[in-house]
Amino acid sequence: MAKTLQGKNQSWQLSDTPIGSGDAGEVYAVFCKENPDLVGVLKKPARIATGGTIQRQANQIAQESFALARLDGLPGAKAHPPKLLDEAPSFTLGTANYFIVSERAPGLDIADMLSETHQSGKPFPRRVIITVLDALFDLFSRTHKAGVLWNDVKLDHIYWHNPTGWVAVIDWGNAQFLDQPEDKRQRLPRWEDYQQLVETLGGFLQHNAPELYNDLG
């Protein structure tokens, strides 16, 4: 029988198995019991992990909730973090019972798109590359003004929805807050997101759109 978890605002029914798992915890597809049309993804600490790992994962997931709540989907932006839909009650912070529920990113992530184009022998769509690059520069400008560093620029964290041209960016558990005292955050410079962008997409462009890479310098 599918498991149900109670959040601050709604109860959520989980898929039988995770749709993703890793060092940051487990991710499940969920729908709201009170409103079945409301769907999302639920992130929680891994079921099989040591106590220290569970606490670290729970704290990282809480960090993501703070970032998503502050950004609120960035309406009007060219790239969008998921909206935070719900989270576990406050007394579960730092424990195996903590979770958050956020919107599910539409479309495919860039890493999967790249794999598909390699298998088909087709070039990676230039339109997608240009749109995503433009959207990320817009994203960083807006998130930094809001005091948030994404700090996790990876191809599998960037989603493209082909019918609409919608760009979504997921996984904000490594986010840092520029307005926090330095002793409470990593001492990352404001340009860290841009540095990660160069490192992540530079190699991608060199291999998949070398002429564009040369044009962009």
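What the table below lists for this structure:
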| read-out | value |
| --- | --- |
| Inter-centroid distance (Cα atoms) of the stretch 94-128 relative to the stretch 49-91, Å | 18 |
| Computed helical MRE - 222 nm, the chain, DSSP H runs ≥ 4 contributing -39500 (n - 2.57), nearest 500 | -11500 deg cm²/dmol |
| Dipole magnitude of the stretch 97-217, debye to nearest 20 (Cβ charges: Lys/Arg +1, Asp/Glu -1, about Cα centre) | 140 |
| Volume per residue that the Cα convex hull of the stretch 67-159 spans, once the total is divided by residue count, Å³ | 118 |
| Over the chain, equivalent-ellipsoid semi-axes from the Cα gyration tensor in Å | 30, 21, 16 |
| Built amide H within the under 5 Å cut-off of Glu87, gap 5+ | Lys8, Asn9, Val101 |
| Sequence of Ser141, Ser120 when ordered by accessible area, the most exposed leading, probe 1.4 angstrom | Ser120, Ser141 |
| For the chain, accessible area per residue (1.4 Å probe, heavy atoms of protein chains only), Å² | 52 |
| Subset of Lys122/Lys145; Lys44/Lys122; Lys83/Lys122; Lys83/Lys145; Lys3/Lys145; Lys8/Lys154 violating a 29 Å alpha-carbon distance limit | Lys122/Lys145; Lys44/Lys122; Lys83/Lys122; Lys3/Lys145; Lys8/Lys154 |
| Gained length - Lys122 relative to Ile48, 0.36 nm times residue gap less alpha-carbon distance | 22.6 nm |
| Candidates Asn59, Asn151, Asn162, ranked by Gaussian network fluctuation over the chain, Cα under 10 Å, top entry | Asn162 |
| Rounded to the nearest 20 debye, dipole of the chain from Cβ charges on Lys, Arg, Asp, Glu | 340 |
| Under 5 Å, built H, 5+ apart or other chain: amide partners of Gly20 | Val27 |
| Accessible-area composition of the stretch 1-94, carbon plus sulfur, in percent [1.4 Å probe] | 53 |
| Hz values of 3J(HN,Hα) by residue in the stretch 40-48 - Karplus curve (6.51, -1.76, 1.60), Gly and Pro given as x | x, 10, 10, 10, 9, x, 4, 5, 10 |
| Amide H contacts under 5 Å for Asp171, placed H, 5+ residues apart | none |
| Rounded to 10°, Cα long-axis angle of helix 51-71 versus longest principal axis of the chain | 60 |
| Phi-based couplings in Hz for the stretch 119-130 (Karplus 6.51, -1.76, 1.60; Gly and Pro marked x) | 5, 7, x, 8, x, 5, x, 5, 4, 5, 4, 5 |
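The values are calculated or read from the model by the stated rules, or taken from the named source; none is laboratory data. What you see is a predicted model; the values in this text were computed from it and never measured. Virtual Cβ from ideal backbone geometry, glycine too; neighbours counted across all protein chains shown. Surface accessibility is based on the protein's heavy atoms, side chains included, excluding ligands, DNA and RNA. Shrake-Rupley method; radii C 1.70, N 1.55, O 1.52, S 1.80 Å.
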